[in-house]
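Working notes, beginning with the structure itself.
Rule-based calculations on the coordinates, nothing more; no lab input. Everything numeric here is computed off the predicted structure, so don't read it as measured data. Because the Cβ atoms are built from the backbone with ideal geometry, glycine has one as well, and the counts that use them run over all protein chains shown.
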């Protein structure tokens, strides 16, 4: 399954006809050049969970910064790092889902 398809499924599982009006996923470009991804965790089983900051500097065009701040997963990276940022997010939520039972107050589905 592609990462975009996985992310779409994760988003759908966290929608209840209310939360998605305020929170969501934003993928944009930045001018260095690169990518910016923000995934609001409010109302999901992942808010207030610990995320270890990822800081990778491989080259001017191959870099990644991922962190969680104010219940928002924030990923930034070079022009070819979009999939890797999404993979970091996927691994984090998948690992947490295996360790704990999640039932989101904003979700009609369980993980």
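Only Cα sites of the stretch 3-98 enter the Debye sum here, all with the same form factor; the resulting log10 I(q)/I(0) across q = 0.15 1/Å is -0.57, listed in q order.
Working from label points 7 Å from Cα in the Cα-to-Cβ sense, the residue 25 to residue 99 distance is 2.3 nm. Averaging the sequence gap over all C-alpha pairs within less than 8 Å and six or more residues apart, then dividing by the number of residues, gives the stretch 3-98 a relative contact order of 25 percent. Spread over its residues, the convex hull of the C-alpha atoms of the stretch 39-84 is 71 Å³ per residue. With neighbours defined as other Cβ atoms within 10 Å of a residue's Cβ, the residues 25, 30 order from fewest to most as 30, 25.
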